[in-house]
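Working notes for the structure below.
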Amino acid sequence: MINKIIISLITWFFGLVFFFPILWMFLTSFKTEMEAIKFPPSFIFELTLVNYFEIQERSNYFKYALNSITISFGSTFLGIALAIPVSWSLAFIKNKYKDFILLWILSTKMMPAVGVLVPMYIIFRDAKLMDTHFGMIVILTLTNLPIIVWLLYNYFAEIPYEIIESSHIDGANILNEIISIVLPLSLPGISSAFLLSVILCWNEAFWSLMLTSTNSAPLSVFIASFSSPEGLFWAKLSAASVMAIMPIMVLGWFSQKQLVSGLTFGAIK
Amino acid sequence: MQLTRVSYGKIILSPTIIILLLWILVPLALTVYYSFQSYNMLDGGSTGYIGWMNYEFFIFDEAFYDAIINTFITVLSLLLFTVFFGFIFASLLNSDIFLSGLVKVLYISPFLVIPTVSALLWKNLMMDPINGFIAFLLNLFNYEGIDFLNEYPLASIITMLSWTWIPFATLLILTSLKSIDKQMIESAKIDGANTFQISIFIILPNIIRSINVIILLETIFFLAVFAEISIATNGGPGTETTNLPFLIFQKGLQNFDVGESSAGGLIAVLLANFVAIFLINLLRKNI
Amino acid sequence: MKLFFKIITLLISLKEFMLKLISTISLFLFSFSVFAEKLTIVSVNNGDMVRMQKLASDFTKKNPGIELDFQFMEENVLRQKVTLDITNKGGAYDIMTIGMYEAPMWGEKGWLVPMNDLPSSFDIDDILPAVRGGLSHNGVLYAAPFYGESSFTMYRVDLFAEKGLTMPDKPTWGEIYKFAKALHNPPEVNGICLRGKPGWGENAAFIGTVANAFGARWVDDQWNPQLTGPAWTHAFSFYVDLVQNYGPKGAPNNGFNENLKLFNQGKCAMWIDATVAASFVTNKEESTVYNKVNFALAPSAVTEKGGWLWSWAIAIPAGTKKEAAAKKFIMWATSKDYIELVADKHGWANVPPGTRTSTYTNPMYLNNAPFARLTLAAMNAADPSMTGTLKPKPYIGVQFMTIPEFQAIGTEAGRQFSAALAGKKSVEDALESANKSAYKILKKGRYIK
């Protein structure tokens, strides 16, 4: 029992240490600018919503949030749809190039975004994809596809081949095999790949800044407007940040079990 | 005609592979093309072929050597910290504690924060030497505020990134820990094994797989770290926190030299591919 | 408890959200209709610009049928996006905020719509000559100035009085050094707060003016960089000495904002920086020392050319299809009427400074802005022409060179300056590195034969 208390205390202590910066930012968002830079920092102070109002005045948070949602979920659905056939094929079909293909797919993620910025900018401009939802979905799908493929492959590979074989004996064709056997068995893996992809898209801060302007700009652009203006800005920045990360934090909290379970690659039998 | 299963499988692969190929080849081809041109954006277009000059300029730039070293230091130290602390925290979370579900939420939160927000948060609210929270804590213990981003720039960046990625490693290791059969540990204890032996022979083999996954995924991300550096230190002071992606960014979007940044981009791709091949060969048996 | 506050926040902002939601949806529905012309404006997120957005309803009332969509971002990101857009003809923005650096260069290249056919109510001759010149090429104005600034000295009269010191109207750097030494009393008060943050518009700009004061220039008339010459070496070692000994902790990373924060908290006895800071430091809402500040010109040394010249201006990319609407907006935002609008809603001390002579002959302004007289003097003293430094120079610009390559040169120099200030490099090494890199860049750009 003593052990439980001590270990609980230690665990909780570190947990709070990890969480503290976020908490601090949350508190700061309710201070006035002058209060926010006071030193020593104040823990008890008069709460104010003035920062949130300022932010609403300056930028339409709703538009950015809607864009973030559209782009993250759109790109995730597309990614999963493209990845399932590939992962299935690599997991269940004999293919002597399998390792090479997996490696190559993963290596496509190694391309540094900055190096191809100008070519991508020109391609987007000419294909009229600039500042469109579709353009952003496409590019984020391609960026995250390797990870999704890889995650799904690992999860599919854990399904015992006997189950697949027995479904053939029962007369299932390939489509049936995928839809009624593989997918249901790997649902945890798919949902965690889904969540991870949504998180990665939401937090993406390079392409979303460079290839959008007003129509499809997501929350990462929203933040940029509060990041380093003339004058005092800590409180407003905190408020904007809270608004930008809140949706994903809530999503992450409620689905942490899902997120975690899928990342085990079948270690749990 | 019934397609055989095998050929069906290969055909299904094609669309996605083709899409990825296009995604890689087209921008990459353009990048290669630009890397041989003298192209400053402010001139409005390329002003002519200059052979290998961009590569020369990029590689023999003082900053290149620093960038490579910094990239490696960043990646290696982060891998070490995340795995090490990930294991410790995962072990803690795996034990019998109060409200474990709730405290897990605290641990995963840093990973969910947008990198730009995280960098701004650390740079301003936490690490500011005069008004930051850490300065406040130091003052409580009678120390002067420390200017982290100037005196220990790379360490500060690594701290920020650890804050974000230790939760990731913790989660992965935690789930493998949970899958270890408690019976095995109990019977080993009965057989007289001490904690050390249990760790090496029972726990370690089971989490190796998670650790390999962590290393592979994290390396990909760490080689490309950019947002935190650009916001917190802008590569400085001097070149102390400049890594390869940042150097490429600097050439491309601060100096607006498309030629040189394309050359740098190509070099970065080659480097990353080498690392990928090396890693996968190293870890392949365990995946 | 926290939950309670969260709910309250939610309820109150719910109303705002609903309003925005409805407007977003209706905007989407109506985006297919053609009667509203939408102007996308991108700007730096400085106080004056943000204020402009708040007052934009005045414009839309006078110009129904034109809709405004503002995008704000910080200076560096703005520069990247705007340059990327205009050089690749992306067409994402209808109106851009640019500075004195870009305007003449891009005007020369034909990338901006010239502003020479604005109606006479705009009163182009009212614009301060230095600002007008800095935003023109071959006599044609390419960007309408939104606000202009030079640099000057701000100091705490109370601290000076305590030590029995008096700040002259035209101080020298030597005098500033003595004052800083006398007033330095960490951690409560630092002798002087100065810029160290790397960036061609941050520390490099400021140190450039210090160098000018010491008789230096960025390059000689053959475009050979002069950073390792005697004037620069003298200027920079002086600067490092001053900042390291009598400046605040964290100086190598302090830019305008950080120093503003310090000064407003009362932690600087002196601060030399942009004239726009004046309205912030004398603002009761933002400064704890708002009534204890006075001003003097930027310090001189060998020459009196110690202050800089800068203006944020609004321009229209060439090839836009919305030129007429865009020009209407520009007329509105940079007109005398706008200045009066701001005075009306926010007080005379907060009108955009440094653009029009009429502002500086307006008694209301002069009475409400104690810094006005000196701001004007500083701006008039700044000379960006080729004879503006002790020895003539082949470039235009006070604290920068108006050539595309300067961004690279200045950024690299700024990086080296910051390293020296942080004690990571010696002054000589830093200047050597900066000079070498400047040489490479100028050679690659074929300035040096």
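The values are calculated or read from the model by the stated rules, or taken from the named source; none is laboratory data. Please read these numbers as outputs of a predicted model, since none were measured by experiment. Using ideal geometry, Cβ is built from the backbone for each residue, glycine included, and neighbour counts are taken over all protein chains shown.
What to note about this one:
- Residues satisfying the stated conditions in segment A:25-39, i.e. within 8 Å of chain B (Cβ to nearest Cβ), farther than 16 Å from B:V117 by Cβ and part of a helix (DSSP H, G or I): none
- Looking only at segment A:112-167, residues that are more than 12 Å from chain B (Cβ to nearest Cβ) and not in a helix (DSSP H, G or I) come to 7 in all.
- Extreme residue, nearest to the chain's Cα centre (by Cα), among residues of segment B:106-121 that are farther than 17 Å from A:L16 by Cβ, assigned to a helix (DSSP H, G or I) and at the interface with chain A (Cβ under 9 Å from one of its Cβ atoms): B:P115
- Residue in segment B:36-54 that is part of a helix (DSSP H, G or I), under 26 Å from the mean Cα position of the chain (by Cα) and modelled with pLDDT under 85 present: no
- Some residue of segment B:176-186 being within 12 Å of chain A (Cβ to nearest Cβ), assigned to a helix (DSSP H, G or I) and under 24 Å from the mean Cα position of the chain (by Cα): yes
- Scan of segment C:218-246 for residues that are outside any helix (DSSP H, G or I) and more than 22 Å from the chain's Cα centre (by Cα), ordered by number: C:V219, C:D220, C:D221, C:Q222, C:W223, C:N224, C:P225, C:Q226, C:L227, C:T228, C:G229
- Of the residues in segment B:89-105, at least one is of a type in the set (S, T, Y) and part of a helix (DSSP H, G or I).
- In segment B:76-105, the residues that are within 30 Å of B:Y55 (Cβ to Cβ) and either at pLDDT below 85 or surrounded by 21 or more Cβ atoms within 10 Å (Cβ to Cβ) (or both): B:L78
- Listed by position, the helices (runs of 4 or more DSSP H) inside segment C:346-449 whose residues that are closer than 17 Å to C:S279 by Cα number at least 1 are C:357-360, C:363-368, C:372-381.
- For segment B:105-126, a residue qualifies if it is touching a residue at least 60 places away in the same chain (Cβ under 8 Å) and under 27 Å from C:G196 (Cβ atoms), and the qualifying residues are B:P115, B:T116, B:S118, B:A119, B:L120, B:W122, B:K123.
- Test set (1) under 30 Å from B:L20 (Cβ atoms); (2) surrounded by fewer than 19 Cβ atoms within 10 Å (Cβ to Cβ); (3) touching a residue at least 24 places away in the same chain (Cβ under 8 Å) - A:A81 fails condition number: (3)
- You will find that of A:F20, A:F13, the residue that is more than 25 Å from the chain's Cα centre (by Cα) and assigned to a helix (DSSP H, G or I) is A:F13 and no other.
- When every residue of segment A:96-118 is checked against the conditions, at least one turns out to be surrounded by fewer than 19 Cβ atoms within 10 Å (Cβ to Cβ), closer than 30 Å to B:V75 by Cα, among the charged types (D, E, K, R) and modelled with pLDDT under 85.
- When restricted to residues that are more than 7 Å from chain B (Cβ to nearest Cβ) and without any contact (Cβ under 8 Å) to a residue 40 or more places away in the chain, segment C:395-439 contains 5.
- Per-region count, segment B:42-63, residues more than 11 Å from chain C (Cβ to nearest Cβ) and either surrounded by fewer than 15 Cβ atoms within 10 Å (Cβ to Cβ) or in contact with a helix residue (DSSP H, G or I) (Cβ under 6 Å, 6 or more places away or on another chain) (or both): 6
- Meets criteria (within 30 Å of A:A36 (Cβ to Cβ) and touching an Asp or Glu at 6+ places or on another chain (Cβ under 7 Å)) for C:G247: no
- Number of the exception - B:S210 against (1) surrounded by 23 or more Cβ atoms within 10 Å (Cβ to Cβ); (2) at the interface with chain A (Cβ under 10 Å from one of its Cβ atoms); (3) closer than 18 Å to B:N54 by Cβ: (3)
- Residues in segment A:40-68 that are within 14 Å of chain B (Cβ to nearest Cβ) and in a loop (DSSP other than H, G, I, E, B): A:P40, A:P41, A:S42, A:F43.
- Leading residue by the ranking (farthest from the other protein chains (Cβ to nearest Cβ)) among those in segment B:146-162 that are surrounded by 20 or more Cβ atoms within 10 Å (Cβ to Cβ) and among the hydrophobic types (A, V, I, L, M, F, W, C): B:I158
- Members of segment B:187-206 found to be assigned to a helix (DSSP H, G or I) and hydrophobic (A, V, I, L, M, F, W, C), listed by number: B:A188, B:I190, B:F196, B:I198, B:I200, B:F201, B:I202, B:I203, B:L204
- The C-beta contact set for segment B:214-235 (first residue in a loop (DSSP other than H, G, I, E, B), second residue among the acidic types (D, E), distance under 9 angstrom, 6+ apart or interchain) comprises B:T233/B:E240.
- The number of residues in segment C:310-326 being surrounded by fewer than 24 Cβ atoms within 10 Å (Cβ to Cβ) and part of a loop (DSSP other than H, G, I, E, B) comes to 5.
- If you check C:A349, C:A381 for being modelled with pLDDT under 90 and touching a strand residue (DSSP E or B) at 6+ places or on another chain (Cβ under 9 Å), only one passes: C:A381.
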